[in-house]
Amino acid sequence: MKKAGAFIRGLIIFLVCMLEVYPLFWMLTASFKQQYEWSEKPAYALNSGFYWQNYSDAWTRGHMSTYFRNSLITTLISLVFIVIFSSLVGFAVTKMQWKLREAVAKYFQFGIMIPVAVALIPLFQIYSRGRLLNTRTCLILTYIAFGLSLSIYLVQGYLRSFPDELMEAAVIDGCGIYRLMYYVVVPLMKNAIVTVLVLQFFFKWNDLIFSMTFISDSALKTVQTGLLYFSDEFGAKNWGAIFASVSMSVFPMLIIYLILNRKVMEGMTAGAVKG
């Protein structure tokens, strides 16, 4: 019975892995197909060779180089501010003693529950009056605002398990608040910081609704918005180039997650168990 149960569990795990991996494998092989293969062979057929011209077409004719640059600029700048603000605010509302600490912590936690769609029209009006539409600034400000609540919550969860005795010893040795934060707290928060960076990178890189709402200039579109209108660049659908562009968007994120997966899990579970 134990062997049968282990076999069934193994079979279920194998089937789940196949369901997860096969779409990625199919997308990658499809990105190397030539145009005639889509009409002469079934869609599930493997590629007959490696047609690298699809990636060249996606990068140049499909303007993916422009979309990648825009996404990198808006995402990386917003990540810098999200990490700085979430670390400072998370430390202030978790470890420092002041009157409005609990109110500020609940205020940021409340932001997690706000639906994105509710804020679109007010933000559009604000950016329109401030002449920020069709600029990277409006995307960066929006990314920072919507990324802070979850990031502060994750930092709080990590700092709750952080030993107060360590900080007290540093203060006794003459360490001020800024030196304490820079030399003691931040180095020990690297798992939480990596978790914030990875999660927020995925959210911002995959953003479609904000970039579609606030950006109409083709020169400022991000990757996801560019993929949405990609086929229009060719008139007829160039499926090989389309799947090449999707692969370029998906696989870098997948590689980043596989490399940093362990630190992300440690950061997510920190503070869940009291030692």
Given (1) out of contact with any Lys or Arg (no Cβ under 9 Å at 6 or more places or on another chain); (2) closer than 16 Å to Y158 by Cβ; (3) crowded, with 17+ Cβ neighbours inside 10 Å, where does M96 come up short, assuming only one miss?
(3)
Before we move on, is M18 within 22 Å of S56 (Cβ to Cβ) and either surrounded by 10 or more Cβ atoms within 10 Å (Cβ to Cβ) or at pLDDT 80 or above (or both)?
no
Restricted to segment 54-88, and to residues that are charged (D, E, K, R) and part of a helix (DSSP H, G or I), which residue is modelled with the highest pLDDT?
R69
With the condition being over 30 Å from L133 (Cβ atoms) and of a type in the set (D, E, K, R), I'd like the helices (runs of 4 or more DSSP H) fully within segment 148-218 carrying at least 2 qualifying residues.
164-172
Do you know which of the residues in segment 164-174 that are within 35 Å of the chain's Cα centre (by Cα) and of a type in the set (A, V, I, L, M, F, W, C) is surrounded by the fewest Cβ atoms within 10 Å (Cβ to Cβ)?
L166
Look through R61, R9 and report the one residue that is more than 30 Å from I193 (Cα to Cα), surrounded by fewer than 15 Cβ atoms within 10 Å (Cβ to Cβ) and in contact (Cβ under 8 Å) with a residue 12 or more places away in the chain.
R61
Positions within segment 101-123 being loosely packed, with under 10 Cβ neighbours inside 10 Å and assigned to a loop (DSSP other than H, G, I, E, B), in sequence order:
P115
Could you check segment 136-163 and list, in sequence order, the residues that are small (G, A, S), within 17 Å of M189 (Cα to Cα) and surrounded by fewer than 21 Cβ atoms within 10 Å (Cβ to Cβ)?
G157, S161
Would you confirm whether or not segment 179-187 contains a residue that is under 19 Å from L260 (Cβ atoms), exposed (fewer than 14 other Cβ atoms within 10 Å of the Cβ) and either basic (K, R) or out of contact with any strand residue (DSSP E or B) (no Cβ under 8 Å at 6 or more places or on another chain) (or both)?
yes
With the requirement that a residue be closer than 16 Å to C138 by Cβ and surrounded by fewer than 21 Cβ atoms within 10 Å (Cβ to Cβ), what does segment 71-88 give you?
I73, I77, F81
Whether any residue in segment 124-139 is assigned to a helix (DSSP H, G or I), hydrophobic (A, V, I, L, M, F, W, C), within 16 Å of the chain's Cα centre (by Cα) and at pLDDT 90 or above is what I want to check.
yes
Exactly one of (1) within 22 Å of V80 (Cα to Cα); (2) surrounded by fewer than 19 Cβ atoms within 10 Å (Cβ to Cβ); (3) not aromatic (F, W, Y) is unmet by I193. Its number?
(2)
Is it the case that F91 is touching a residue at least 24 places away in the same chain (Cβ under 8 Å), closer than 14 Å to S151 by Cα and not in a loop (DSSP other than H, G, I, E, B)?
yes
Tell me whether segment 40-50 contains one or more residues that are part of a helix (DSSP H, G or I), without any contact (Cβ under 8 Å) to a residue 60 or more places away in the chain and not charged (D, E, K, R).
no
Between residues in segment 210-229 that are within 17 Å of L120 (Cβ to Cβ) and touching a residue at least 24 places away in the same chain (Cβ under 8 Å) and residues that are surrounded by 13 or more Cβ atoms within 10 Å (Cβ to Cβ) and among the charged types (D, E, K, R), which pairs lie under 6 Å by C-beta distance while being six or more apart or on different chains?
I215/K221
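The values are calculated or read from the model by the stated rules, or taken from the named source; none is laboratory data. On a predicted model such as this, the values are computed, not experimentally measured, just so you know. Please note: Cβ atoms are built from the backbone with ideal geometry, for glycine as well, and neighbour counts cover all protein chains shown.
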